[in-house]
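S.K.: This is the structure, below, for whatever I ask next.
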Amino acid sequence: MNIQSLFDSTATGQISGDPEGGQSAQLLGTLTGARVYPRSITSLNGKLYFLMKEAGGKYLAVVSQSPLEIKLAQVHQRRLQVSDEALHLTTMPLNAPSAIFLRQQINWLQPTLLGLSKSAGCGDRLGLATPGHVRAIRSCKGGVRPIYAQQSIREMARTSRTPTQVLDDAMWGAFQEGWRSGFGADADHLKTYEDIDSCVAAGYTFYTFDPGAYVDNESNPAKFEQLPWADLETTISDTHQRYSTQMEPQILASGLVKYGRALVHVKQMYRHLRSTMAGRPYEVEVSVDETDQPTTASEHLIIATELHRLGVEWVSLAPRFVGRFEKGVDYIGDVNVFEKDCAEHARLARQLGPYKLSIHSGSDKFSIYPIVVRWTGELVHLKTAGTSYLEALRTVARCDANLFRQVYRLAHERYAEDRASYHVSADPARAPRADLSGVNDLQAVLNQFDARQMLHVCFGSILATYGEPIKAVLEQNEETHYADLERHFKRHLEAFC
Ligand SMILES: [Zn+2]
């Protein structure tokens, strides 16, 4: 194998005879003097694209036969002497202009639609987890399509990231690991037009609308007549007519009082998205998971019927299931009751769509995954977010005990305040003590229910204080970090694969 043979490209950009890129990485490493990420090497249209690491960090590298014409700041070009001919090496930092450049060259790094395929969302608050996610997804032989870029606007604010950064970080991770099968980008829990606009500008493809603020949890049927009928684009009598064979008027009234204003909000968000996208492809999820009361079967029927009538199209719906879906821990509640509930929602999703059932706060719910799969089959989306950050803390506990102890102490200090917007039931008195005195096995702290939730909901405070040292540990120990993530996500995907 010589450097010239790397230019013989295949349709997928992989090097023929070296699918894992090991030999090619050695060649390119010798030539550039940097560490080359083997799976990233992509040969397309007479150019080699790959990721490399030098003392200053990671760079995108392009090797070409003639100098690359590129007008970006911070781009470095030099000649590489190979026997009697010269090749050209262009390197650039992993920033937004470089990401735009790479997406233009390699089209499978542009986010794509997932449609009704079975799928999993892998949120990543630190922007370093995607290679671990890719390894787990790749091992799933039954085929789960990934969303590697996914963050809610709330979490972006708490981690000081922009929609573009979230998308770019996921793309760099997919590129590093040689993921060539497409991935989605989920603008999660959108609540306003501004939220939509910023994610459209960044290039997201999957839009999750969260009308939770408009859900009336009291669902008092006496308020039925005061619903915003003009905005619902229907009348009271037509509505009675529509459901006359399906449910009692009282049930209809309380269901529509509960969700009526939320449905108007979804309609408005959807129409705003449609006009903003101006013909570009997108897909939508509707989520009502963050409400006080579970979504009943009749309410599910009302939501789907009314949204169809209003012209909204969606690929997945996240109802609020029975039981408790707390952050970072297993399902809390009777799994048999959950099974009945899940079966009913899955039946409706098939009958009224088909569309997927989306399981929010879906991480670590190991006891219900087999049930979910049994009833949804292929029509499921599993959404996880904070659990990857907990795995990052596991890597920190492994590699820098001192830093982990400081992080854990901060979680104790902040928990009372930071838990406010989350559904969690951790009690610090049950968690290992703040100073971790007498605790030798720091890994075990991350497996303890209360400690886990405290670390989970305090992520904003923890990253504000220790974000830089945490990232430094993860970057220095990236293989350990990816291995922790891969193991954790394989556990999640087992039932779905
Ligand atoms: Zn949610």
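The values are calculated or read from the model by the stated rules, or taken from the named source; none is laboratory data. Quick caveat, the model's predicted, so the values are computed rather than measured. Cβ placement follows ideal geometry from the backbone for every residue including glycine, while neighbour counts extend to all protein chains displayed.
S.K.: State all residues of region 144-168 that are acidic (Asp, Glu) and within 16 Å of the ligand (Cβ to nearest atom); if no residue qualifies, say none.
M.R.: If the condition is that a residue be acidic (Asp, Glu) and within 16 Å of the ligand (Cβ to nearest atom), then Glu155 is the only one that fits.
S.K.: Can you pull out the residues in region 467-481 that are over 23 Å from the mean Cα position of the chain (by Cα) and not polar (S, T, N, Q)?
M.R.: The one that is over 23 Å from the mean Cα position of the chain (by Cα) and not polar (S, T, N, Q): Pro469.
S.K.: May I pose another question? Taking region 405-417 on its own, how many of its residues are within 17 Å of Ala444 (Cβ to Cβ) and either within 16 Å of the ligand (Cβ to nearest atom) or touching a residue at least 40 places away in the same chain (Cβ under 8 Å) (or both)?
M.R.: Selection size over region 405-417: 4.
S.K.: Something else: Tell me the residue from Asp168, Asp195 that is touching a strand residue (DSSP E or B) at 6+ places or on another chain (Cβ under 9 Å), assigned to a helix (DSSP H, G or I) and more than 30 Å from Arg419 (Cβ to Cβ), please.
M.R.: It is Asp168.
S.K.: What's the total number of residues in region 266-276 that are touching a Phe, Trp or Tyr at 6+ places or on another chain (Cβ under 9 Å) and away from the ligand (no atom under 16 Å from the Cβ)?
M.R.: 6
S.K.: Return a yes/no flag: does region 208-228 have any residue that is of a type in the set (S, T, N, Q) and in a helix (DSSP H, G or I).
M.R.: Scanning region 208-228 turns up at least one residue that is of a type in the set (S, T, N, Q) and in a helix (DSSP H, G or I).
S.K.: Please go through region 328-365 and pick out each residue that is more than 16 Å from the ligand (Cβ to nearest atom), acidic (Asp, Glu) and in a loop (DSSP other than H, G, I, E, B).
M.R.: Hits for region 328-365 are Asp330, Asp334.
S.K.: Now for a separate question. Pick out the one residue from Gln250, Gln241, Gln246 that is exposed (fewer than 14 other Cβ atoms within 10 Å of the Cβ), in a helix (DSSP H, G or I) and in contact (Cβ under 8 Å) with a residue 24 or more places away in the chain.
M.R.: The match here is Gln250.
S.K.: Being in a loop (DSSP other than H, G, I, E, B), closer than 22 Å to Lys340 by Cα and modelled with pLDDT of 95 or more is the filter here; which residues of region 280-322 pass it?
M.R.: Result: Pro294, Thr295, Thr296, Pro319, Arg320, Phe321, Val322.
S.K.: So, in region 366-391, of the ones that are touching a Gly at 6+ places or on another chain (Cβ under 8 Å) and of a type in the set (Val, Ile, Thr), which residue ends up nearest to the ligand (Cβ to nearest atom)?
M.R.: Thr384
S.K.: Just one of Ser461, Ser425 is within 26 Å of the chain's Cα centre (by Cα) and surrounded by fewer than 17 Cβ atoms within 10 Å (Cβ to Cβ); which is it?
M.R.: Ser425
S.K.: Let me ask something additional. Name the single residue that is farthest from Arg39 (Cα to Cα) among those in region 176-198 being out of contact with any Ser or Thr (no Cβ under 7 Å at 6 or more places or on another chain) and within 16 Å of the ligand (Cβ to nearest atom).
M.R.: Within region 176-198, the match that is farthest from Arg39 (Cα to Cα) is Lys191.
S.K.: Could you figure out which of (1) outside any loop (DSSP other than H, G, I, E, B); (2) in the same structural domain as Glu486 (by TED's automatic domain parsing) isn't true of Ala434?
M.R.: The one condition Ala434 does not meet is (1).
S.K.: Taking region 358-368 only, how many residues are out of contact with any strand residue (DSSP E or B) (no Cβ under 6 Å at 6 or more places or on another chain) and buried (at least 21 other Cβ atoms within 10 Å of the Cβ)?
M.R.: Within region 358-368, residues that are out of contact with any strand residue (DSSP E or B) (no Cβ under 6 Å at 6 or more places or on another chain) and buried (at least 21 other Cβ atoms within 10 Å of the Cβ) number 4.
S.K.: Kindly establish whether Gly132 is in a loop (DSSP other than H, G, I, E, B), touching an Asp or Glu at 6+ places or on another chain (Cβ under 6 Å), away from the ligand (no atom under 16 Å from the Cβ) and under 21 Å from Lys471 (Cα atoms).
M.R.: Judged against the criteria, Gly132 is not a match.
S.K.: Just to be sure I understand the filter: pairs with C-beta atoms under 6 Å, separated by 6 or more residues or on different chains, first member in region 150-173 and farther than 12 Å from Leu126 by Cα, second member assigned to a strand (DSSP E or B) and within 15 Å of the ligand (Cβ to nearest atom). Which pairs pass?
M.R.: Ser152/Asp188; Ser152/His189
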